[in-house]
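Structure first, commentary second.
Bear in mind these aren't lab numbers, they're just calculated from the coordinates by the rules spelled out. As the structure is a prediction and not an experimental result, all values here were calculated from the model. Neighbour counts are summed over all protein chains in view; Cβ atoms, including those assigned to glycine, are modelled from backbone coordinates with ideal geometry.
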Amino acid sequence: MSGDWGGWRATRYTRAILERDGHICAWCGGWATTAEHVVARSLGGDPWDLENGVAACLSCNSSRGNRPRPVGRVIHPSRQWGQA
């Protein structure tokens with residue numbers, strides 16, 4: 001699916017991710033204000049799949065860019081995979 005990346009659809013996607021994850025950053029456990037794709041869109045990740053998104057603080061989200069998750073950087077234990 002395409003379009004609306006900066007519009008209402010992205011806002012709803014981000015809000016759903018943050019609510020699901022309780023505003024807890026998946027990477028550091030801090031306060032999350034953004035949603036990040038686990039597999040970046042540029043690397044073939046589905047941009048609208050809620051299971052491909054995690055809540056992230058601005059620092060963790062901006063430090064990663066479109067690179068795959070760095071070795072040794074694990075998802076914070078507060079993130080419960082597969083439970084929406």
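Assorted remarks:
- Per-residue HN-Hα couplings for region 18-32 [Karplus 6.51, -1.76, 1.60; θ = phi - 60°; Hz; x = Gly/Pro]: 5, 5, 4, 8, x, 6, 9, 4, 5, 9, 10, x, x, 6, 8
- Integer Hz, Karplus 6.51/-1.76/1.60 couplings in order for region 48-60, x for Gly and Pro: 10, 6, 5, 6, 8, x, 9, 6, 8, 6, 4, 5, 5
- Burial order of peptide ranges 43-56, 25-38 (average beta-carbon count within 10 Å, highest first): 25-38, 43-56
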